[in-house]
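Comments concern the structure below.
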Amino acid sequence: MLRGLYTAASGMITQQRINDTVTNNIANMNTPGYKQGNAVSRAFPQMLLSMTGLNNVAPVQVGKINTGVFAEETPFLQLQGDLTQTNRQSDFALVSDIAVPGVTFDASGKSVSPDGEVTYQPQAYFTVQNREGETRYTRDGSFQLDPAGNLVTSNGFQVIGANGQGIQFPVGVSLDDLTLTADNRFVVTDTGEDTGMQLLLTRVDNPNDLVREGNGAFRYDGADGGASPLGAGDNAEVCQGYIERSNVDPTQASVDLMTALRAYEANQKVIQFYDASLDKAVNSVGKV
């Protein structure tokens, strides 16, 4: 009897984690460059039940049974979000559709070959540096200049240039006076003078190798060579005066939230049933 109680309890915990994931997506629907998280559930390993043999009779196998479920991981949907025009020269939206020869990707950015091999569509990211000097990646292009002229993200991470160093302009320069060219160089809008600063865009071959660290930043945790400067043949561009919206689907998020709630309630009722059964077993049957 207790096995079913534990199974229902694990189901409630899993649905709670799914609910947390969905509500986090909803809370970040207006966060530039935010990528939707999806909770993946997995069953515990199956157990083979058998009846204990009596009087020299061999045990009889009853069958397999699952002992519960748990939220295994929360992968992110690393797909392009819609662009919103802001007309602010300090806003930059990264648009990428990187192709892999001989591979066709579906709407989720995944391709499965006839032999079962899975390939994910590479994605492009702005390259930034956190306060500890570590390289991070982001799609949030809401940039600004700090008092020292450094180009930083909305949370203070320094934007890295093509030379591997932080992008820094002379004090007093405003992003309103600068224009980003097609090759991601900053030039003076009025004169066309090259400032010598160029954005570094990074291509990540498998976006699932990125680990979310908060504030729109990702840490690369894959094999060497999986994150490299964007190549000339990669289909990606930066649009100045735009920001990339989150790729959260509000309709699907509402459906997922309601589904998690109903599943949570169903498991809750199972636990209530077991509680009532145990109460009868202890307080009623036990008196006989």
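Details
- Whole-Hz ³J(HN,Hα) from phi, Karplus 6.51 cos²θ - 1.76 cosθ + 1.60, for the range 69-84, glycine and proline x: 9, 8, 7, 6, 7, 10, x, 10, 7, 8, 10, 4, x, 5, 9, 10
- Gyration tensor (alpha-carbon) shape descriptor, the range 202-242, a/c threshold 1.5: oblate
- For the range 199-243, the relative contact order is 40 percent, taking Cα pairs closer than 8 Å that sit 6 or more residues apart in sequence and dividing their mean separation by the residue count.
- Normalised by the number of residues in the range 83-244, the mean separation of alpha-carbon contacts (under 8 Å, six or more apart) gives a relative contact order of 33 percent.
- The simple Förster model, with R0 at 51 Å and r as the Cβ-Cβ distance, assigns Thr86 and Leu5 a FRET efficiency of 0.45.
- Dipole-positive endmost among Thr191, Thr104, Val204 within the range 83-244 (Cβ charges, Cα centre): Val204
- Extension reserve of the Phe273-Val211 stretch, reckoned as 0.36 nm per residue once the Cα distance is removed: 18.3 nm
- Rounded FRET efficiency, nearest 0.05, which uses the C-beta distance separating Met258 from Gln144 and R0 of 51 Å: 0.85
- A simple spin-label model places pseudo-atoms 7 Å from Cα toward Cβ; at Lys110 and Ile26 they are separated by 2.5 nm.
- Residues in the range 135-152 that a label on Ser174 would reach, taking backbone N under 18 Å of a point 7 Å out along Cα→Cβ: 143-152
- For the chain: relative contact order, % (alpha-carbon pairs under 8 angstrom, 6 or more apart): 26
- Simple spin-label estimate for Phe70 and Glu193 gives 6.2 nm between the two label positions (7 Å along the Cα-to-Cβ direction from each Cα).
- Peptides ranked, highest mean first, by Cβ atoms within 10 Å: ranges 144-153, 100-109, 117-126: 117-126, 144-153, 100-109
- Helix 250-283 axis versus longest C-alpha principal axis of the chain: approximately 30°, rounded to the nearest ten.
- Labels on offer are (1) 235; (2) 197; (3) 117, and the one holding volume of the Cα convex hull per residue in Å³ computed from this structure is (2).
- Coupling constants for the range 219-233 follow from the phi torsions by the Karplus curve (6.51 cos²θ - 1.76 cosθ + 1.60, θ = phi - 60°), and in residue order they are 10, 7, 10, x, 6, 4, x, x, 10, 9, x, 4, x, 5, x Hz; glycine and proline get x.
- A Cβ-based charge dipole, computed about the Cα centre of the range 83-244 with Lys and Arg at +1 and Asp and Glu at -1, lands at about 240 debye.
- FRET efficiency, 1/(1 + (r/R0)^6) with R0 45 Å, evaluated for Phe44 and Asn163 via beta carbons: 0.30
- Between the Cα long axis of helix 2-27 and the first principal axis of the chain there is an angle of about 20°, rounded to the nearest 10.
- MRE, 222 nm, helices only [DSSP H, n ≥ 4, -39500 (n - 2.57), over the chain, to nearest 500]: -7500 deg cm²/dmol
Where a number appears in this text, it was derived from the coordinates with a stated rule and is not lab data. Please read these numbers as outputs of a predicted model, since none were measured by experiment. Virtual Cβ from ideal backbone geometry, glycine too; neighbours counted across all protein chains shown.
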